[in-house]
1. All but one of (1) at positive phi; (2) touching a residue at least 12 places away in the same chain (Cβ under 8 Å) hold for residue 241; state the number of the condition that does not hold.
2. Within segment 718-753, track down each residue that is without any contact (Cβ under 8 Å) to a residue 12 or more places away in the chain and closer than 22 Å to residue 468 by Cα.
3. For residues in segment 811-840 being surrounded by fewer than 16 Cβ atoms within 10 Å (Cβ to Cβ) and part of a loop (DSSP other than H, G, I, E, B), which is modelled with the lowest pLDDT?
4. Taking the criterion of being touching a residue at least 12 places away in the same chain (Cβ under 8 Å) and within 31 Å of the chain's Cα centre (by Cα), would at least one residue in segment 590-600 satisfy it?
5. Just name the residue that is surrounded by the fewest Cβ atoms within 10 Å (Cβ to Cβ) out of those in segment 471-482 that are in contact (Cβ under 8 Å) with a residue 40 or more places away in the chain and in a helix (DSSP H, G or I).
6. Considering every residue within segment 153-168, establish whether at least one is surrounded by 19 or more Cβ atoms within 10 Å (Cβ to Cβ), in contact (Cβ under 8 Å) with a residue 60 or more places away in the chain and under 13 Å from residue 104 (Cα atoms).
7. What number of residues in segment 524-535 are over 20 Å from residue 680 (Cβ atoms), out of contact with any strand residue (DSSP E or B) (no Cβ under 7 Å at 6 or more places or on another chain) and in contact (Cβ under 8 Å) with a residue 12 or more places away in the chain?
8. Can you say whether residue 801 is assigned by TED's automatic domain parsing to the domain that holds residue 726 and farther than 30 Å from residue 606 by Cα, as far as the supplied structure shows?
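The values are calculated or read from the model by the stated rules, or taken from the named source; none is laboratory data. All values reported here derive from a predicted model rather than from experimental measurement. Cβ coordinates were reconstructed from backbone atoms using ideal geometry, including for glycine residues, and neighbour counts include every protein chain displayed.
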């Protein structure tokens, strides 16, 4: 039996290729994700090891706060010069240097701020480099207050050379400096990891980065010969006291590597999630393929049964075929994954300025194990039911002309109804309680349930879709062919349904989010102009005063934003410059207390936050900001639910202890009878020195926010395109195997006068009907998923339900095109059949 199975498999190489291709693509995604993260992890480990070469210990002020979720690590306190003197006198310290480092964003020659792909934009004081990494390539070191040297990556990105002027945004207002030099790093690198860096003279760096002389952001220590990093760390820590923290160079490198590793882990989860989707879709195709194969081999398998083969041997025959396909697909997928992982790693390094030195591409054990485990298990699992079906073929079937009689749909329909209900329940509970594994499990089970229900509805729906294409005899035959085997049509369509459903669901969620933002802007915010900028963009409070004094401005306010620890829990909050203007322009209503009493050491609290934290008017709230000591505030007002604001707000006086005492957002209302556009033109020049900040009317601001959601949707569409590609392969696979199955029938059609072009049209209609059916099913299921998710997210601010009708129509049109494309190869094969050979085909 084993020999017969292997011979049968190798005799049908096309079938082998089509069956394994879906698994290859899924395994490629799995192995590629592990290769990518392993390569980048080793690259960053090497990077940070080199960054901290020559650094045996580093001294920093103990941060008041740890990094918030999505926020930076707030080590904002400066160290006095006396700490530098103390460290210098510690036994075992050979060299010490005070570091002055802070945010610095260069403005390009086009007037826009130069950006990176997530790497920092930093400035420091040019001086002794204990790591020995930095090398001055051109020019000289900065000495005057108006001089600066640029990192190679920054110089290339902005097109700067020695002698040019460059404007820089720092903690101080924008200033223009003369470029007197360009530096790089050992190994000919323009940057260490895609960062944009520049260096000022020491005096200028103190002024623009820290705001005061004789202070340092950190102190770098180099130990004497024979003194270990741990020893020098402990000695320095004992000398500087408890308010300062000391870490070894190895600890710093590990902390940086671990932080990058967490980000890579999240990225890996995303890739593995889409790999799972691809394999899930591939399972439908493999199941369908083996079902067709078993149907086509009914007579062959029945003859084997008649010759004495047992049911167990029949099952082993089919499962063995699946095992061979799974092993081959896993090997090919693993190889393709290594290539894809290497390519993505190269792209990652390229987008980071090409400065990240990639480690050699390796093959981690996780990639090998997961590739074979996933590839083989998915293939064999998909073959189980067809194998059972093969074992049930009676020997008498060898004498029948009709191989596979239709079976009732009662069992799959009942199973589908149960699974759909169970999936819906899991999804609902998961969304209500924010349990991610329940959400994913619910979606998976619901998809399986819908797939089992699909054969029941395929006949009537296919008849309607096919009726639109039945204007000719080939179209009529194509419609009837697609309805002939509802199980096969349903499974093929279900593969396409998964990808379309996920894209539709995400589109509905993002469209609803946009609609919610628009409603909040139109109904709850009466400000006509919104002042905001990119991440890290801030502006001086004095500029807001100028906005208030601008002719045509009725009122204006702004807020500072930062992380803080409130009653022991870290959260993001704001400090409001004018509570009265805030209340009016945001349409806030007090449910307890008064906005008039919000001043000094008082806070305003959203109703939901107050309930969650057990707060009311007069309650004491302990707040630890980025700077200063912990303070106690009193709740002055509790305000009703509002889509524009929530959480906790302090008065502007608290901003002095924020990480940056600068405004992050501003809002202005034009006086009655005044043109908003005119007021905007008067305000915009106030921000001429700050290109990161823009002044927009409400509609432009909403469009800007919506554009970010469009970017997310585009990324999801690109990633889910793989699932749709696999589904297309499934349509091709089904049609190709169907052409083989109907060889004699096609020969007879040609013999009675059907032309080759008509044969091709018939196959195309069949393909389009299947594709459009799958798309309609996907739109329906995706709409259900999207609506359920939006309903569950109402408390999170998505209060409006929106449908992307244009996009949904596009998905349907794309499905029709997919059907035409998928039919090309099978249609050509069908048209080229030799009539006489086809008629005599068994």
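1. (2)
2. None - no residue of segment 718-753 is without any contact (Cβ under 8 Å) to a residue 12 or more places away in the chain and closer than 22 Å to residue 468 by Cα, so the list stays empty.
3. In this case the residue turns out to be 840.
4. No, segment 590-600 contains no residue that is touching a residue at least 12 places away in the same chain (Cβ under 8 Å) and within 31 Å of the chain's Cα centre (by Cα).
5. 473
6. Yes; the residues of segment 153-168 include at least one that is surrounded by 19 or more Cβ atoms within 10 Å (Cβ to Cβ), in contact (Cβ under 8 Å) with a residue 60 or more places away in the chain and under 13 Å from residue 104 (Cα atoms).
7. Selection size over segment 524-535: 0.
8. The answer is no for residue 801.
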